[in-house]
Amino acid sequence: MVNVNVLKKLHTHMFDAALNTNVTTQTGSGQDLSPEMKTYYDMTLIRTAEPYLVHDQFGQKRPIPARSGKTIEFRRFPSLPKQMTPLTEGVTPDGQKLSVTSMTATLSQYGGYIVSSDMLELTAIDNVLLETTKILASQAGRTSDAITREVLAGGTNVRYAGGKTSRSNITASDVLKVADIKKAVRDLKAKNAEKINGYYVAIVHPDTVFDLWNDSEWVEASKYAGSEQIFKGEIGKLYGVRFVESTEAKIWDVSGVSVYGTLILGANAYGVTTLGGKGIEHIVKQKGSAGTGDPLDQRSSVGWKLLKTAKILVDEYMVRIEHSASLPSAAN
């Protein structure tokens, strides 16, 4: 039974175009969901998935092309060289050509689903479809985030804590220090990496934040949230870097040592596909939609599909600092 207040809310937003642009609910030939309930469950999926997308937050966004194959293109416009030759009076110099570097990435599809029985739907106290959608949305969001994270974790611009020269040499005592952050900022500035809303951004694990809290110059986000824009997951800032916390930040297990990959990002370092259009799709199959495959209308299913890719565009615009933590978590 649908809550009356929920239905009122749905009817209020029935004609809101923004509610119909992100996902699609598919049903079979069996009993169908009403358009209002499709919108409700679709948006439950997308809204629950989005909070996990910390790693997508700072990349160039590219829409997924319809009927254009599996390849998506990202573009980079390199800087022009300096013009050191003085102009000659009355003589028009040769013009310059705009240089465009094109990089491509191949889209891949991911997905998951849950099968539900008629007995579960008849006897469960909770709204089974709603709860299933929330669980699957969490799975979809974490999957999407991890796809981007793994691409960024493969960047070649790396620093190692404790003066080490490789990941395999990191020990339990090589925790992230403020000096490591300063060096990463210097690296980005030296490459003229643009800032994101006036700051570089770090994606860090809560274990890493624990080791940074003792610095006297650490500023909690709660102290400046009212006057400056806050990124999703932002917890504080230090030396021109805003820190975004996520338990999905990369961790490797290297011979029993948890090695963390803290990312310090400038603008346009990487690109990602958006979730709009066919980026993420919500799929509901009602009881009986399988025809003779479900002759007694006993099974229904809820699932999701994700079309996604990510691409590093300029390695020099991001620095990955690999280090340990004083209170380590398991690899992810």
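The values are calculated or read from the model by the stated rules, or taken from the named source; none is laboratory data. As the structure is a computational prediction, the values presented were derived from the model and not from experiment. We work out accessible area using only protein heavy atoms, side chains counted, and drop any ligands, DNA or RNA first. Shrake-Rupley method; radii C 1.70, N 1.55, O 1.52, S 1.80 Å.
Shape class of the range 218-298 from the Cα gyration tensor (axes a ≥ b ≥ c, square roots of the eigenvalues): prolate, since a/c reaches 1.5 or more and a/b is larger than b/c.
Can you give the Rg to Rh ratio for the range 67-190, taking only C-alpha atoms and Rh from Kirkwood? Show your work: numbers first, answer last.
On the way: Rg = 26.3 Å, Rh = 21.7 Å.
When Rh is taken as the Kirkwood radius, the ratio is 1.21.
Close amide H contacts of SER116 (hydrogens built in the peptide plane, cut-off under 5 Å, sequence separation of 5 or more or a different chain): SER300, SER301, VAL302. Normalised by the number of residues in the range 124-216, the average gap of Cα pairs under 8 Å and 6 or more apart makes the relative contact order 22 percent.
Computed on the range 158-268, with alpha-carbon pairs under 8 angstrom and 6+ residues apart, the relative contact order is 33 percent. Each 10 Å bin from zero holds the following percent of Cα-Cα pairs in the range 198-332: 11, 27, 27, 17, 11, 7, 1.
Working from Cα pairs under 8 Å separated by at least six residues, relative contact order for the range 195-332 is 29 percent. Stokes-Einstein, applied to the Kirkwood radius of the range 204-258 over Cα pairs at a viscosity of 1.567 mPa s and 4 °C, places its translational diffusion at 105 µm² s⁻¹. Classification of the range 134-226 by its C-alpha gyration tensor yields a rounded form. The axis ratio a/c (a ≥ b ≥ c) stays under 1.5. Take the solvent-accessible surface of the protein heavy atoms, probe 1.4 Å, and return the percent of it on the range 127-280 that carbon and sulfur atoms account for. With neighbouring chains kept in place, the figure for the range 127-280 is 49 percent. Distance from the C-alpha centroid of the range 245-288 to that of the range 169-184: 24 Å, rounded to the whole angstrom.
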